[in-house]
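Enquirer: My structure is below; once you've seen it, I'll send some questions.
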Amino acid sequence: MDDALNAAPARKKVVLLGSTGSIGRSTLEVARLLPERIELIGLAANGSVEALAAQVRETGVKRVALCDTTKVETLRGLVPSDVTILAGPEGLAELATMEEADAVLVAIIGTAGLKPALAAIEAGKDLAVASKEILVMAGEIVTTAAKAKGVTLLPIDSEHNAIFQCLDGHRGGEKEVSRLILTASGGPFRTWPAEKLVEVTLEQALKHPTWDMGRKITIDSATLFNKGLEMIEARWLFGIGMERVDVVVHPQSIVHSMVEFIDGSVLAQMSKTDMCFPIQYALTWPERVKGGLQPLDFAKLAKLDFEEPRHGDFPALGLAREAGLTGGTLPAVFNAANEVAVDAFIEGRIRFPDIWRIVGETMHAHEVAPACSLDGVIEADAWARGMAAGIL
């Protein structure tokens, strides 16, 4: 009995889809900090073959997948000969269903993460979710499948991970929850007058005040579309009605989110602005471990501010609430139209406020259908991209 109690904990075997992006790189950092707890057994990337090859050499994984099928031979020349290289959507799905995997972390941007995520759930793997599209587009499909398979959805977003921590072990369930309160930094234009937003440049939009992220998510943070997407995610992750999901602006990004209970008590999760914190918690759950991350020094925190979002000047939150309350295929349309509009802004084809306009016009032109099949969701996504492109 003593030997069993003193035995070293088993290493969690993890497949990482999207290993060369910012979340993927942070996941590798967590694995470096916790080699006795986390073992990466599969990696996938879109087309960054040099970065993927370096990760293969570091981790020693024997199975990888590459979304860009045209670069397979290039990758083959950069990795050891005993590494199996899978390619395309089928390769991602095969990697996500590796028999020995305990969990699959999906950090693929866009719709490409949907099918491997569902394949992992069908194979009974716990799913660590970093890709917003998975739950925004197909929240009902994904959560229904996870429940049927007894799979745990482990949120990677700092906001959802914070709520997950606040609710972890809470016995009362959603009946005792009054509100989920997502925090938002407010972005670089939080204090700008509304009339100046037409002057926003790409360079300005990419200067996030607290987080270092990719271009798409950084611009989404500036428009508050990122927070709108997170509202819809939270609705599905935690089984809470959209009317009970709120947002508060918190410029310091120290409080990552909060749960308000029906007795008026509020639980908040706090840490430094480092994605390694939520990734570590998701991959070591249900335990907490010491991993080398630095705790907060409260004596050095000058202050913590909270503000009501400027809903009229930043319409993304209202559009997200409309999409979440309506449901069906509208959240997929909301997401796809935003992707098209953000790309157009990056290319210099539209002004900053046009992002909200294009998304709103696309949503209001859509004939909402039930989101009961993946094919229907993908069809709505394609329709929205075509409609948004036409509006452009």
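The values are calculated or read from the model by the stated rules, or taken from the named source; none is laboratory data. Quick caveat: nothing in here was measured; it's all calculated off a predicted structure. All Cβ positions, even for glycine, are placed from backbone atoms using ideal geometry, and neighbour counts span all protein chains on display. Heavy atoms of the whole protein, side chains included, go into the accessibility calculation; ligands, DNA and RNA do not. Shrake-Rupley method; radii C 1.70, N 1.55, O 1.52, S 1.80 Å.
Enquirer: Only one residue in E243, E159, E233 is more than 20 Å from the chain's Cα centre (by Cα), within 25 Å of T143 (Cβ to Cβ) and modelled with pLDDT of 90 or more, so which one is that?
Expert: E243
Enquirer: Can you list the strands (runs of 3 or more DSSP E) found entirely within the range 115-230 that contain at least 3 residues being not aliphatic (A, V, I, L, M)?
Expert: On the way: elements: 126-129, 153-155, 177-184.
In the range 115-230, the matching strands (runs of 3 or more DSSP E) lie at 177-184.
Enquirer: Looking only at the range 45-82, filter to residues that are within 14 Å of L17 (Cα to Cα) and part of a loop (DSSP other than H, G, I, E, B); which one of those is modelled with the highest pLDDT?
Expert: Going through the qualifying residues, I end up with V61.
Enquirer: From the set of residues in the range 366-381 that are in a helix (DSSP H, G or I) and touching a helix residue (DSSP H, G or I) at 6+ places or on another chain (Cβ under 8 Å), which is most open to solvent (accessible area, probe 1.4 Å)?
Expert: Checking each candidate, the answer is I378.
Enquirer: Moving on to the next point. How do the pairs read when you match residues in the range 152-176 that are touching a residue at least 40 places away in the same chain (Cβ under 8 Å) with residues anywhere that are assigned to a loop (DSSP other than H, G, I, E, B) and of a type outside the set (F, W, Y), using Cβ under 7 Å and keeping only pairs 6 or more apart or on different chains?
Expert: Listed pairs, sorted by first residue: I156/A130; D157/A130; S158/M275; E174/G239; E174/I240; E176/I262.
Enquirer: Which one of these does P286 not meet: (1) in contact with a helix residue (DSSP H, G or I) (Cβ under 6 Å, 6 or more places away or on another chain); (2) over 19 Å from R32 (Cα atoms)?
Expert: Checking P286 against (1) in contact with a helix residue (DSSP H, G or I) (Cβ under 6 Å, 6 or more places away or on another chain); (2) over 19 Å from R32 (Cα atoms), the one that fails is (1).
Enquirer: Just checking, does the range 261-269 include any residue being closer than 21 Å to L153 by Cα, under 19 Å from the mean Cα position of the chain (by Cα) and either modelled with pLDDT under 95 or not small (G, A, S) (or both)?
Expert: Yes: one or more hits.
Enquirer: Which condition number in (1) over 18 Å from the mean Cα position of the chain (by Cα); (2) surrounded by fewer than 22 Cβ atoms within 10 Å (Cβ to Cβ) is the one that R25 fails?
Expert: With respect to (1) over 18 Å from the mean Cα position of the chain (by Cα); (2) surrounded by fewer than 22 Cβ atoms within 10 Å (Cβ to Cβ), R25 is out only on (1).
Enquirer: Could you grab me the full set of residues in the range 306-330 that are open to solvent by less than 10 Å² (accessible area, probe 1.4 Å) and under 18 Å from A388 (Cβ atoms)?
Expert: Selection gives A316, A320, A323, T329, L330.
Enquirer: Taking interchain pairs and intrachain pairs at least six residues apart, which have beta carbon atoms under 9 angstrom, with the first residue in the range 288-305 and open to solvent by 100 Å² or more (accessible area, probe 1.4 Å) and the second among the aromatic types (F, W, Y)?
Expert: These pairs meet every condition: R288/Y281.
Enquirer: Kindly indicate which of G169, G186 is open to solvent by 20 Å² or more (accessible area, probe 1.4 Å) and either modelled with pLDDT under 95 or of a type in the set (S, T, Y) (or both).
Expert: On the way: G186 fails: open to solvent by 20 Å² or more (accessible area, probe 1.4 Å).
Within the list G169, G186, the selection yields G169.
Enquirer: Of everything in the range 70-88, what is surrounded by 14 or more Cβ atoms within 10 Å (Cβ to Cβ) and of a type outside the set (G, A, S)? Give them in sequence order.
Expert: Within the range 70-88, K71, V72, T74, L75, R76, L78, V79, V83, T84, I85, L86 meet the criteria.
Enquirer: Let me ask something else. Give the residues of the range 332-344 that are open to solvent by 10 Å² or more (accessible area, probe 1.4 Å) and in contact (Cβ under 8 Å) with a residue 60 or more places away in the chain, sorted by residue number.
Expert: Listed by number, the list holds a single entry, E339.
Enquirer: Further question on the same structure: Suppose we filter K196, K207 for residues that are in contact with a Ser or Thr (Cβ under 9 Å, 6 or more places away or on another chain), more than 19 Å from Q269 (Cα to Cα) and open to solvent by 30 Å² or more (accessible area, probe 1.4 Å); which single one remains?
Expert: None of the others qualify; the one that does is K207.
Enquirer: Quick one: G386 ticks every box in (1) touching a helix residue (DSSP H, G or I) at 6+ places or on another chain (Cβ under 7 Å); (2) free of Cβ contacts under 8 Å to residues at least 12 places away in the same chain bar one, so which box is it?
Expert: (1)
Enquirer: On to the next question. Quick check on the range 306-365: of everything there that is outside any helix (DSSP H, G or I) and of a type in the set (D, E, K, R), which residue is farthest from Q252 (Cα to Cα)?
Expert: Applying the filter and picking the extreme gives R349.
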